[in-house]
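Written below as structure tokens is the structure these notes are about.
The values are calculated or read from the model by the stated rules, or taken from the named source; none is laboratory data. Just so you know, these numbers come straight off a predicted model, no measurement behind them. Please note: Cβ atoms are built from the backbone with ideal geometry, for glycine as well, and neighbour counts cover all protein chains shown.
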Amino acid sequence: METRDVEGVTLLYPRGFINAHTVRQFEGEIQKALAQGHFKIVVSCSGLAYIASAGLGALMGAIEEIRGNGGDLRLANLNETVRNIFEILGFNHLYRIYPSEVEAITSFRSAGAAGC
Amino acid sequence: MLRPVARRAPRRSNVGEGAAPAPRSVKASLRLSIPSQTSFLGVVREITKKMAESAGFSAGTADRLALAVDEAVTNVIEHAYHGAADREVELRIEDRGDEFRVEVVDSGASVDPRAVPRVDLPRYVSERRTGGLGVHLMEKIMDSVTFRRSARRNVCCLVKRKDSPPAR
């Protein structure tokens, strides 16, 4: 999975799908960022076709530690399928979701910037 | 000696002048078996999506139905088979005209779906729980999700009516 750092924000680029088969790698990338003390994370989903509950569980398993360290995990570029899954489960109320990667990155400059 | 069998002419409808006979509707159904390995979830997803689209569902709804089946098969692998990779998961996918039905069948441990806790997202976050969302997602997507034990096998039956909204 491609990752990069921009303006102190760690960007993760999952590709294809995140389900029980691929979730370990996704979890591993999140944990790697946390181990390096990076608590501002954007998951950029332009290459993500769909996410199953295993992937949503990985997001949920990390969010408290991230926020407890003054950071956040935000999402960008969700396709309709992925956005719909978030809405079905109410995850759109737990995570800030931005239309673009740039907006997600810049949202960290101003605390409390609203997603959509 | 075999005698040729006379073919019966198709019965004509009496309704309307020269009306063509209504074609007998044959709906698609498919049975397949996969090993109890998560590497096959992609295959399950693609096949379910194609079958759902051919049954008349939109691409978006077909995506969600494929996700529900992915979740059901994942549950079997993780809970009924406890991660064993050498077991078999059977899928029966059927377009029944007014509804789309998928049965996921396994011969693993009996799993009591009533033991699955209701999803409470804030509690999940505070307790750092990462499981139990699958059944909840299946129930949101499908019109009905039922579990039964039959001939020492677990059958998870997922049904989506064609006239129902994409998700509840």
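A few comments on the model shown:
- Residue in the stretch B:80-88 that is at pLDDT 90 or above and in a strand (DSSP E or B) present: yes
- Test: residue in the stretch A:43-60 that is of a type in the set (S, T, Y) and within 16 Å of A:R4 (Cα to Cα): yes
- When A:F108, A:F86 are checked against the criterion of being out of contact with any Ser or Thr (no Cβ under 7 Å at 6 or more places or on another chain) and part of a helix (DSSP H, G or I), A:F86 stands alone in meeting it.
- Within the stretch A:1-27, the set of residues being closer than 25 Å to A:E103 by Cβ and either touching a Pro at 6+ places or on another chain (Cβ under 6 Å) or not in a strand (DSSP E or B) (or both) comprises A:M1, A:E7, A:G8, A:P14, A:R15, A:F26.
- Test: A:N84 is touching a helix residue (DSSP H, G or I) at 6+ places or on another chain (Cβ under 9 Å), of a type outside the set (D, E, K, R), modelled with pLDDT of 95 or more and surrounded by fewer than 22 Cβ atoms within 10 Å (Cβ to Cβ): no
This table checks each residue for (1) in contact with a strand residue (DSSP E or B) (Cβ under 8 Å, 6 or more places away or on another chain); (2) assigned to a helix (DSSP H, G or I).
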{"site": "A:E29", "(1), (2)": "yes, yes"}
{"site": "A:A33", "(1), (2)": "yes, yes"}
{"site": "A:V43", "(1), (2)": "yes, no"}
{"site": "A:A49", "(1), (2)": "yes, no"}
{"site": "A:G70", "(1), (2)": "no, no"}
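- Subset of the stretch A:30-56 (residues that are out of contact with any helix residue (DSSP H, G or I) (no Cβ under 6 Å at 6 or more places or on another chain) and facing chain B (nearest Cβ under 9 Å)): A:A49
- Breaking point among (1) farther than 25 Å from B:K140 by Cα; (2) surrounded by 13 or more Cβ atoms within 10 Å (Cβ to Cβ); (3) more than 9 Å from every other protein chain (Cβ to nearest Cβ), for A:E64: (3)
- Scope the stretch A:8-29; condition among the β-branched types (V, I, T) and either surrounded by fewer than 18 Cβ atoms within 10 Å (Cβ to Cβ) or more than 12 Å from chain B (Cβ to nearest Cβ) (or both); matching residues: A:V9, A:T10
- B:E53 being surrounded by fewer than 21 Cβ atoms within 10 Å (Cβ to Cβ), away from every other protein chain (no Cβ under 11 Å) and charged (D, E, K, R): yes
- Residue pairs meeting the criteria (Cβ under 8 Å; at least 6 apart or on separate chains; first farther than 15 Å from A:A52 by Cβ, in the stretch A:77-91; second among the small types (G, A, S) and not in a helix (DSSP H, G or I)): A:N77/A:S44; A:N77/A:S46; A:N77/A:S100
- Subset of the stretch B:56-65 [within 10 Å of another protein chain (Cβ to nearest Cβ) and assigned to a loop (DSSP other than H, G, I, E, B)]: none
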